[in-house]
Amino acid sequence: MNSFFARKFVIQGIFIAVALILLTRIFYIQVISDKYLLSANNNVLRKVLIYPARGIILDRYEKILVQNEPVYDLMVIPKEVKPFDTTTFCKLVGIDLEGFHKRFKKAKNYSPYKASVFEKQLSATTYATFQERLYEFKGFFVQNRTVRRYPDSTAAQFLGYIGEVSEKAIENSNGFYRQGDYFGISGVEKSYEELLRGQRGVQNLMVDALNRPKGHFADGKYDTLAVSGERLISSLDKELQKLGEQLMNNKIGSVVAIEPSTGEILSFISSPGYDPNLMVGRERGNNYMKLLNQPSKPMFIRPIQAEYPPGSIFKVINALVAQQFGQINPQTTYYCPGGYRYGRSGFMACTHVHGSVNLISSIEESCNTYYGYTYNLMIDKAGMRPVNAFKKWRNAVSRFGVGDRLNIDLPNEKKGLLPSADLYTKRWGSDKWGSGFNISLSIGQGELGITPLQMANVMAIVANRGFYFKPHLIQAIGEKKVIKAEYTKRNDAGIDPKYFEVVIQGMSQVVNSPSGTAIYSKINGIEMCGKTGTVQNPHGEDHSVFVAFAPRNNPKIAIAVIVENAGFGSTWSAPIASLMVEKYLTRSISRPKAYIDRLLDANLLPGESSLKQKPGSKLKPDSNLKKAQRLKLAISAFKKTGKND
């Protein structure tokens, strides 16, 4: 009897134990683990992200710079995948067997139950072929999205590019980005990412056992619509940009053109450039590495990242500051014997003997001697200790936007360099130094470093007779064409407007007077005011620089052109600027074909000849051509006697 009851309790205990195990398992499955819920849902319900169209970018005349093109991401849920013909699959998708296993392993490591990207950006042709046999590959589905397309292949450094988000970007996005999303990495794409990206939507689709969509769950009641990104109207003139890129082909340097009355950037050229379409599609990574490893650095955004001594164009600033300080006036005259002597034995050479030079002719003929004397007045004869006078001078120069970021709407802008008094005090071991210790600042050399954007902005200040608007690349945002308030604020350069006219007269004579250094860049019917510069380069040939604005009254464009290792500003930069100014103001170019072809054909890259060799010519490429030889070639091409700076 006792043994019967003992067996009874044992059996009851077994049943209770089994029941407890089952209840515990059910509780785990239904409450704690989502494994089976996800699996069940994925058998009948699939959440499909709807990616919005990224905002398009237009030029100032609302012509398309960037548009969208449909592509298709192949997605996979590893746990749902059943055996299939991998050879056929790989052939359809365009990958090899090794690539298949690598991709599948990555997806499985991410999550066996969640969808992830198996292969990015299938083309429309590949998608169409694959879609017909998609039912054979359970666990795979296609997600629509768009990528960028650049119809004119222009303005790459300005526009920037997009790429897949990093883990860090996902972490910093407060849940907005997910694996496989794209975002702006450089240029305007990065600066205006939050406006361009739009808002994702979600579709809840019912699917059958063969992975085929069977309509929206609850008739789409729980779906959300995607919201397209805002469109951006840029300040760029597409046709002017394309012309500038053609003129800068086979040259290293920059062109920046600004509308003085608004601060809108009309052209933003960094040369050499690249086709922005190379940064789209499945070869983007390979193309990026090729561009990154090129010696000419096409990914380097020269208009805002390259820093050059401004050279003679800096004389414009010194002429204005010296007048504001009361140190010189239009009648101030100095004799130039071919250079400026300072200290016991110091000598700063001039281009040649100018004789008597006043303020206007000092600009027109770019006399170094005149600005040696002018700088000496501002530093040594200002009625205060030279170190304090220098600080006053430096503060005045900084008002022109030199030595600090202009905060253009692009990432990674450089500040440039405007040396401080402390730099020289540390260098000389005392603060008892004067103008002779940094006299090269008088002619824009020495420790100065200015970006091409800052050069163009200085010209905008001169064009406006004393003020500027913050340079910017996006004119208006969205359908309502919203303009940022910061772009409507005037910034004062601290120079009385009455001091500009004499400097502007000198700049006009640079281009329009027979003795001007840029006479052969004169534009018929348009009074362009400019300043040439030949910037000393310790690493090779001098840089060619030219800054200008036009027309003289009610200016519409201010421009800066720099061509590295090209010599005189009058030889290369001035003609390039001249053509661009004429193109913008008249929408045409009146110069002879030979004038234009000389610039288009010139190859000024390191190791190349300064002019494209003509058939039958005996001239051989020579990277070591001297300045005089290069000028002779330029004069021959112009069939005129050139000027230099």
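The values are calculated or read from the model by the stated rules, or taken from the named source; none is laboratory data. These numbers were taken from a predicted model, which means no experiment stands behind them. Cβ placement follows ideal geometry from the backbone for every residue including glycine, while neighbour counts extend to all protein chains displayed.
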Residue set GLY494, GLY567; condition in contact with an Asp or Glu (Cβ under 9 Å, 6 or more places away or on another chain) and in the same structural domain as GLU364 (by TED's automatic domain parsing); output residue GLY567
Selection from segment 422-447 of residues in a loop (DSSP other than H, G, I, E, B) and surrounded by 24 or more Cβ atoms within 10 Å (Cβ to Cβ) yields GLY444
Checked GLY175, GLY201, GLY180, GLY163 against criteria (out of contact with any helix residue (DSSP H, G or I) (no Cβ under 8 Å at 6 or more places or on another chain) and either on the phi < 0 side of the Ramachandran plot or of a type in the set (Ser, Thr, Tyr) (or both)); the one match is GLY201
Given (1) assigned to a helix (DSSP H, G or I); (2) surrounded by 13 or more Cβ atoms within 10 Å (Cβ to Cβ), LYS102 misses just (2)
Of (1) at pLDDT 85 or above; (2) within 24 Å of GLY55 (Cα to Cα), GLU132 satisfies every one except (2)
Scanning segment 46-82 residue by residue, those closer than 24 Å to GLY215 by Cβ, among the hydrophobic types (A, V, I, L, M, F, W, C) and in a strand (DSSP E or B) turn out to be VAL48, LEU49, ILE50, LEU74, MET75, VAL76
Within segment 245-258, restricting to residues that are in contact with a helix residue (DSSP H, G or I) (Cβ under 8 Å, 6 or more places away or on another chain) and more than 22 Å from ASP542 (Cβ to Cβ), the one that is surrounded by the fewest Cβ atoms within 10 Å (Cβ to Cβ) is GLN246
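Quick grid of which residues meet (1) outside the structural domain of THR333 (by TED's automatic domain parsing); (2) free of Cβ contacts under 8 Å to residues at least 40 places away in the same chain; (3) farther than 30 Å from PRO260 by Cβ:
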position: ALA382; (1), (2), (3): no, no, yes
position: SER398; (1), (2), (3): no, yes, no
position: SER420; (1), (2), (3): no, yes, no
position: TRP433; (1), (2), (3): no, no, yes
position: LEU448; (1), (2), (3): no, no, no
position: VAL462; (1), (2), (3): no, no, no
Does GLN203 count as crowded, with 17+ Cβ neighbours inside 10 Å and either touching a residue at least 60 places away in the same chain (Cβ under 8 Å) or outside the structural domain of THR146 (by TED's automatic domain parsing) (or both)? yes
Subset of segment 508-527, residues within 16 Å of SER362 (Cβ to Cβ) and not in a helix (DSSP H, G or I), comes to SER513, SER515, GLY516, THR517, ALA518
Selection from segment 528-551 of residues crowded, with 17+ Cβ neighbours inside 10 Å and in a loop (DSSP other than H, G, I, E, B) yields MET528, GLU541, ASP542, PRO551
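So which of VAL71, VAL93 is surrounded by 18 or more Cβ atoms within 10 Å (Cβ to Cβ), aliphatic (A, V, I, L, M), touching a residue at least 60 places away in the same chain (Cβ under 8 Å) and in the same structural domain as ALA124 (by TED's automatic domain parsing)?
Working: VAL93 fails: touching a residue at least 60 places away in the same chain (Cβ under 8 Å).
Checking each option against the conditions leaves just VAL71.
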Across (1) of a type outside the set (Ser, Thr, Tyr); (2) more than 35 Å from the chain's Cα centre (by Cα); (3) at positive phi, LYS138 clears everything bar (3)
Of the listed residues (TYR375, TYR308, TYR340), the one being crowded, with 23+ Cβ neighbours inside 10 Å and farther than 26 Å from PHE467 by Cα is TYR340
Note on segment 472-503: residues surrounded by fewer than 22 Cβ atoms within 10 Å (Cβ to Cβ) and in a helix (DSSP H, G or I) are ALA485, GLU486, TYR487, THR488, PRO497, LYS498, TYR499, GLU501, VAL502
Of all strands (runs of 3 or more DSSP E) fully inside segment 157-260, the set with 3 or more residues that are under 30 Å from GLU283 (Cβ atoms) and within 15 Å of the chain's Cα centre (by Cα) is 253-259
Within segment 363-407, the residues that are among the hydrophobic types (A, V, I, L, M, F, W, C) and assigned to a helix (DSSP H, G or I) are ILE363, LEU377, MET378, ILE379, VAL387, ALA389, PHE390, TRP393, ALA396, VAL397
Residues of segment 448-457 being part of a loop (DSSP other than H, G, I, E, B) and among the β-branched types (Val, Ile, Thr), in sequence order, are THR451
When PRO419 is run through (1) more than 27 Å from ILE233 (Cα to Cα); (2) touching an Asp or Glu at 6+ places or on another chain (Cβ under 8 Å); (3) assigned to a helix (DSSP H, G or I), the failure sits at (3)
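Just the residues that are free of Cβ contacts under 8 Å to residues at least 24 places away in the same chain and either in contact with a Phe, Trp or Tyr (Cβ under 7 Å, 6 or more places away or on another chain) or surrounded by 19 or more Cβ atoms within 10 Å (Cβ to Cβ) (or both), please, taken from segment 183-200. Full working, then the answer.
Taking segment 183-200 as the starting set, the residues that turn out to be free of Cβ contacts under 8 Å to residues at least 24 places away in the same chain are 183, 193-194.
The answer is PHE183, GLU193.
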Counting only residues in segment 152-177 that are among the aromatic types (Phe, Trp, Tyr) and modelled with pLDDT of 90 or more, the one nearest to TYR288 (Cα to Cα) is identified as TYR161
Of the listed residues (ILE317, ILE313, ILE328), the one being hydrophobic (A, V, I, L, M, F, W, C), over 25 Å from SER267 (Cβ atoms) and either in contact with a helix residue (DSSP H, G or I) (Cβ under 8 Å, 6 or more places away or on another chain) or not assigned by TED's automatic domain parsing to the domain that holds LEU406 (or both) is ILE328
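Residue by residue, here is whether (1) touching a helix residue (DSSP H, G or I) at 6+ places or on another chain (Cβ under 7 Å); (2) within 14 Å of VAL321 (Cα to Cα); (3) not basic (Lys, Arg) holds:
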position	(1), (2), (3)
SER356	no, no, yes
SER366	yes, no, yes
TYR373	no, yes, yes
LEU377	yes, yes, yes
ASN388	no, no, yes
GLY401	yes, yes, yes
With the first residue restricted to segment 334-362 and required to be assigned by TED's automatic domain parsing to the domain that holds SER312, and the second required to be among the basic types (Lys, Arg) and in a strand (DSSP E or B), Cβ contacts under 6 Å at 6 or more apart or on different chains are PHE347/ARG341
